[in-house]
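For reference, the structure is listed below as structure tokens.
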Amino acid sequence: MRLLALIGGLAIVASIAAAIFFLGGRYNVAATSEEPSLVNWMLVYVRAASIERHATDQPPISLDDPQVAQTGARAFVARGCITCHGGPGVKWAKFTEGMRPYPPDLKDVAPERTAGQIFFVAKNGIKMTGMPSFGSIDVPDDELWAIAAFVKKLPSVSEADFKTWTATP
């Protein structure tokens, strides 16, 4: 019984300390300061777990069709994804250097994510990252699936192919 009382008391003290730290303005929210490693780990873990749990949609079209990936490449540029994530032969916009967390290089992320997870992120965005919800501005699901197809193919897309696919006719 004493052990439970001790654990309960420690939990109360930890909760009060956390409230004082976070609600008292001691946690620095400036993008110029690094997150404590525990906070960074928690944000990454929660984000990954949430995406894995909620990304349940299946593509209504074949994402293996080269035309779909090419359509996705054009949408990737048109919707401004290239600004934060770059692309084959295209650098990120300068302002992204000041973003925390830094926008990921999608050619590194693509092998680790399913098309459904990429679609979910594009459609719903990610809180506290600067990743917008394209579903909130009525971007059609077919376009978002095409972007997901392009991102999945991104690690193997050459600069020349990207330039060809995104050239204005």
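Assorted remarks:
- Expected-Rg normalisation [2.2 N^0.38 Å, Cα atoms] applied to the chain: 1.31
- Surface composition of the chain: carbon and sulfur make up 61 percent of the accessible area, probe 1.4 Å.
- Binning the alpha carbon pair distances of the stretch 126-169 at 5 angstrom intervals from zero yields the distribution 5, 17, 18, 21, 21, 14, 4, 0, expressed in whole percent.
- Around the Cα centre of the stretch 86-154, unit charges on the Cβ atoms of Lys, Arg, Asp and Glu (plus for the first two, minus for the last two) sum to a dipole of about 240 debye.
- Calculated FRET value between ALA78 and PHE22, using beta carbons and R₀ = 35 Å, to 0.05: 0.35
- The local environment of MET128, defined by Cβ-Cβ distances under 10 Å, has a net charge of +3 under the rule Lys, Arg +1 and Asp, Glu -1.
- The chain - accessible surface per residue (Å², probe 1.4 Å): 67
- Each residue of the stretch 149-154 was assigned a 3J(HN,Hα) from its phi angle through the Karplus curve 6.51 cos²θ - 1.76 cosθ + 1.60 (θ = phi - 60°); the sequence is 4, 4, 4, 4, 7, 3 Hz, with glycine and proline shown as x.
- Ranking ALA5, ALA122, ILE147 by Cα position along the charge dipole of the chain, where only Lys, Arg, Asp and Glu carry charges on their C-beta atoms, puts ALA5 farthest toward the positive end.
- Gain on full extension, evaluated as 0.36 nm per residue between ASP57 and MET99 minus their Cα-Cα distance, stands at 12.2 nm.
- Taking every DSSP helix (H) stretch of at least 4 residues in the chain, weighting each as -39,500 (n - 2.57) and dividing the sum by the residue count yields a mean residue ellipticity at 222 nm of -17000 deg cm²/dmol.
- Inter-label distance, VAL90 to ASP65: 2.3 nm, where each label sits 7 Å from its Cα along the C-beta direction.
- Placed amide H near ILE126: partners under 5 Å, 5+ positions off or other chain: MET131
- Rounded to the nearest 20, the Cβ-based charge dipole of the chain about its Cα centre (Lys and Arg +1, Asp and Glu -1) stands at 540 debye.
- Placing unit charges on the Cβ atoms of the charged side chains and taking the dipole of the chain about its Cα centre, the candidate lying farthest along the positive direction among ILE16, ALA78, ASN40 is ILE16.
- Taking the Cα centre of the stretch 33-79 as reference, the dipole from Cβ charges on Lys and Arg (+1) and Asp and Glu (-1) amounts to some 140 debye.
- Each Lys or Arg adds one and each Asp or Glu takes one away; over the other residues whose Cβ falls under 14 Å from the Cβ of VAL109, this sums to +1.
The values are calculated or read from the model by the stated rules, or taken from the named source; none is laboratory data. Note that the structure is predicted; figures quoted are calculated from it, not measured. All Cβ positions, glycine included, derive from the backbone under ideal geometry; neighbour counts span all protein chains shown. Surface accessibility is based on the protein's heavy atoms, side chains included, excluding ligands, DNA and RNA. Shrake-Rupley method; radii C 1.70, N 1.55, O 1.52, S 1.80 Å.
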